[in-house]
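Comments concern the structure below.
The values are calculated or read from the model by the stated rules, or taken from the named source; none is laboratory data. Since this is a predicted model, take the numbers as computed values, not measurements. Cβ: placed from backbone, ideal geometry, glycine included. Neighbour counts: every protein chain shown.
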Amino acid sequence: MAEKYVVIANKLELELKKMRSEGKMKLPSEQSLAEQNSCSRQTIRAALDILQKAGLIEKRTGSGSYIVEESKKNKAVFFVTEDCDRYLSPSLIAGLRSELASSKYVLKAFSTMGSSKEEAAVISRAIAEKVAALIIEPVKDLIPSANERLIEDALSARIPVIYLNSSEGPYGVIRISPDFREAGKILTGRLQDLGRQKIACIFCSESSAGMDEYKGYIGAVPDFDEGRCLLLSHKEEKEIISGSDSILASFAADVLAGCDAVICQNGMICHRLVSILNKSGRKVPEDITVACFDNGYYSSNDSILSMGYDNDFLCKKLAKTVSALAEGGTPKMFVIPVAVKS
C-alpha cells in the first residue's frame, strides 16, 4: 500500500484540474488540508512536495501554494529511440510532432545509439526539466534495464512515461504497441494460404516485439521445427543492418535451402536476406517467399509479402494519450491493429 502522503498527492492532483476549471488557483492552507485528510501537516507538506517537484504547484513564501499557470508548464515531450534517422523513425517522429503541435506540445527527439548511459542522460534531463511526458522506444526491453530506477524517479515526479512498440516495461509505464503476436500469426497463415509448407523465421530475441512475433509464428505453424528459427541478439541484428552478411548467409545456406518461406522481423533484415538469396540463385518469391512486419520502404518491394499498421492512426493515438496523461488523465494500454499490405 502506498504511503499516505502519496495517496493524498494523487487525490490533490485530481482536484487541481477541477479547481482550475472553477478559476481557483490557490490551494487551501496546510492546516485545512490536514483536517480534510485526517493527517498531520507534515504529511500534507510531503504530498505538496510531490506536486511541486512535478511542476503542478508552486509555493510562495508567506502566501501558500498555488496551481502553476498553464503558460509556465513545460510543454516539451521527450522521445527517446535508438536512432532518430533509422528507417521508420523519421516518419513516426514527423507524424507525432505534427499531432502534438495541435495541442501546443513540442516534441524533442533523442538518439541513444543503443547506449544505456545515453538513455539515462535523457531521462535525467526530462526529470530536471519537468517535461510533459517521456516516450521511450526501448531497444532490449526483455533485458533488465539499469535505468528502471530513473524511470521510477520520473513517474514519482509525475512525468508520464510511455513505452512504444513494447509489450513489456517497468511498473507504472503506459505501453503502446502494434499487435506483434497477431502479426506473426497472420503472416504465417497467409504463407500457408499461398501453399508454403516449410516456413522459417528470423526474430530478435532481446525485444518483446520480436518474441511476440515469434509466439504468433509458433502458434500458427503446423509443424514447428526449432531448427528453422534464427533468433538474433541485438548486437547481431545491428551487424546485419550494418552490412555484415555472414549470419544470414550461413542461415540461408544451411536452413533456408530446405524451406519455401521465411518471416523476418523487419524490412532491413528482409532486404539483406533477399539480396543473399538472389546471389545464391534462389528467386524471390518464386522459389521462396520472404515476409516481414514493416511499414517502411525496404518492405515496399513487390517481391516481399509484408504487414503493417496505420502510422497516422498510431501518431494520433499516441498524441492523444500524451495530452491526456499530461493533463492528469489515466489512459490504458492499447495495441495498434495490423493488416497484410501486399
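A few points about this structure:
- Inside segment 88-107, residues that are over 27 Å from PHE293 (Cα atoms), at pLDDT 90 or above and either in contact with a His (Cβ under 8 Å, 6 or more places away or on another chain) or not hydroxyl-bearing (Ser, Thr, Tyr) (or both) make up a count of 2.
- Qualifying residues in segment 143-168 (those that are charged (D, E, K, R) and either in contact (Cβ under 8 Å) with a residue 24 or more places away in the chain or in the same structural domain as MET211 (by TED's automatic domain parsing) (or both)) - the one farthest from LEU48 (Cα to Cα): GLU168
- Hey, SER65 closer than 30 Å to ALA47 by Cα, outside the structural domain of ALA326 (by TED's automatic domain parsing) and either touching a Leu at 6+ places or on another chain (Cβ under 8 Å) or of a type in the set (S, T, N, Q) (or both) or not: yes
- Among the helices (runs of 4 or more DSSP H) confined to segment 172-287, the ones with at least 2 residues that are within 30 Å of VAL322 (Cβ to Cβ) and not acidic (Asp, Glu) are located at 180-193, 208-220, 234-241, 267-279.
- Within segment 1-36, the set of residues being within 18 Å of ILE67 (Cβ to Cβ), in a helix (DSSP H, G or I) and polar (S, T, N, Q) comprises ASN10, SER21, SER32, GLN36.
- The lone exception for GLU237 - which of (1) out of contact with any helix residue (DSSP H, G or I) (no Cβ under 6 Å at 6 or more places or on another chain); (2) modelled with pLDDT of 95 or more it fails: (2)
- Of GLY114, GLY62, all but one fail to be farther than 21 Å from VAL322 by Cα, more than 30 Å from the chain's Cα centre (by Cα) and not aromatic (Phe, Trp, Tyr); the exception is GLY62.
- LEU325 passes every criterion in (1) farther than 18 Å from CYS201 by Cα; (2) part of a strand (DSSP E or B) apart from (2).
- Members of segment 323-342 that are modelled with pLDDT of 80 or more and among the small types (Gly, Ala, Ser): SER323, ALA324, ALA326
- Count of segment 146-189 residues which are surrounded by fewer than 18 Cβ atoms within 10 Å (Cβ to Cβ) and of a type in the set (Phe, Trp, Tyr): 1
- Residue list for segment 241-288, restricted to those being in contact (Cβ under 8 Å) with a residue 12 or more places away in the chain, among the acidic types (Asp, Glu) and either more than 27 Å from SER89 (Cα to Cα) or not assigned by TED's automatic domain parsing to the domain that holds LEU230 (or both): ASP260, ASP287
- Filtered by the rule that a residue be farther than 25 Å from PRO178 by Cβ and either touching a Pro at 6+ places or on another chain (Cβ under 8 Å) or at pLDDT below 90 (or both), segment 147-166 gives GLU152, SER156, ALA157, ARG158.
- Candidates ILE135, ILE127 - the one that is under 16 Å from the mean Cα position of the chain (by Cα), surrounded by 15 or more Cβ atoms within 10 Å (Cβ to Cβ) and either at pLDDT 95 or above or not in a strand (DSSP E or B) (or both): ILE135
- Within segment 11-40, the set of residues being surrounded by fewer than 16 Cβ atoms within 10 Å (Cβ to Cβ) and closer than 17 Å to THR330 by Cβ comprises LYS11, LEU14, GLU15, LYS17, LYS18.
- Positions within segment 88-124 being part of a helix (DSSP H, G or I), closer than 20 Å to LYS238 by Cβ and in contact (Cβ under 8 Å) with a residue 60 or more places away in the chain, in sequence order: LEU92
- Qualifying residue in segment 72-87 (condition: within 29 Å of the chain's Cα centre (by Cα), loosely packed, with under 14 Cβ neighbours inside 10 Å, modelled with pLDDT under 85 and assigned to a helix (DSSP H, G or I)): yes
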